[in-house]
Amino acid sequence: MYEACCVLTGLCCRQDAVSGGDLRDFMFAFFQDLPTWGLWTVIGLIALFGAWVLAQILRVLRWLRMSNYRSIGKRGEISALQILADAGYTIEGSQVARKYYVRVDGVDKEVLLRADFLVRKDGASYIAEAKGGLIVSNPLHTPTRRQLLEYEVVFGASGILLVDVPRKKVVRVEFPLGR
């Protein structure tokens, strides 16, 4: 027969709890002899571990969801290439980037803007943005409209095209700001 001691508190449990070899009796004796603060310490550690495990599970789920969105976006861009080609546009570049500056409180901050495609048709160049969702492929959808307006200002192309992947069509979007 041997004496079982608590690692956290250094206090020993009853000797007879272990003698029978019954783990359930040992655990009962262990928690019965454990001071209140020790019990709360054990419960707190278990809760912290559970919270950590939950956070890891949520992180993995968020990564999987974002991975799925990227996959859908990539498939949409591949479909957009075919839609643009079918409409007579020549692809000159993909993921075209331009730097520009935003002045905030007198300090210039560099911004990188990336468009899906730079295309050409009848001697004119266009920036084309592919959208794969039914809502976001509407040029009047606020985030989409703002994105296209930013392209218009920064890229200085002959025009802006919205490739509506779900409806398989190319829409020219203009911003007649001089009105």
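The values are calculated or read from the model by the stated rules, or taken from the named source; none is laboratory data. Predicted model, so just to flag it, every value in this text is computed and none were measured. In this analysis, Cβ positions are derived from the backbone assuming ideal geometry, glycine residues included, and neighbour counts consider all displayed protein chains.
Key figures
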| quantity | calculated |
| --- | --- |
| Breaking point among (1) farther than 23 Å from Glu174 by Cα; (2) among the acidic types (Asp, Glu); (3) in contact (Cβ under 8 Å) with a residue 24 or more places away in the chain, for Asp105 | (3) |
| Test: residue in segment 109-125 that is touching a residue at least 12 places away in the same chain (Cβ under 8 Å), buried (at least 16 other Cβ atoms within 10 Å of the Cβ), at negative phi and of a type in the set (Gly, Ala, Ser) | yes |
| Any hit, segment 135-152, residues being closer than 22 Å to Gly76 by Cβ, among the aromatic types (Phe, Trp, Tyr), surrounded by 10 or more Cβ atoms within 10 Å (Cβ to Cβ) and in contact with a strand residue (DSSP E or B) (Cβ under 7 Å, 6 or more places away or on another chain) | yes |
| Residue in segment 84-94 that is assigned to a loop (DSSP other than H, G, I, E, B) and either of a type in the set (Gly, Ala, Ser) or under 25 Å from the mean Cα position of the chain (by Cα) (or both) present | yes |
| For Glu77: the one exception among (1) assigned to a helix (DSSP H, G or I); (2) over 21 Å from Glu152 (Cα atoms) | (2) |
| So Gly38, is it part of a helix (DSSP H, G or I), out of contact with any strand residue (DSSP E or B) (no Cβ under 8 Å at 6 or more places or on another chain) and modelled with pLDDT of 80 or more | no |
| Segment 96-136, residues that are under 20 Å from the mean Cα position of the chain (by Cα), of a type outside the set (D, E, K, R) and closer than 17 Å to Gly159 by Cα | Leu113, Ala115, Ala130 |
| Residue among Trp52, Trp63 that alone is closer than 30 Å to Pro166 by Cα, modelled with pLDDT of 85 or more and in a helix (DSSP H, G or I) | Trp63 |
| Flag if Phe175 is among the aromatic types (Phe, Trp, Tyr), closer than 19 Å to Leu81 by Cβ and in contact with a helix residue (DSSP H, G or I) (Cβ under 8 Å, 6 or more places away or on another chain) | no |
| Lys168 vs. criteria in contact (Cβ under 8 Å) with a residue 60 or more places away in the chain and of a type in the set (Lys, Arg) | yes |
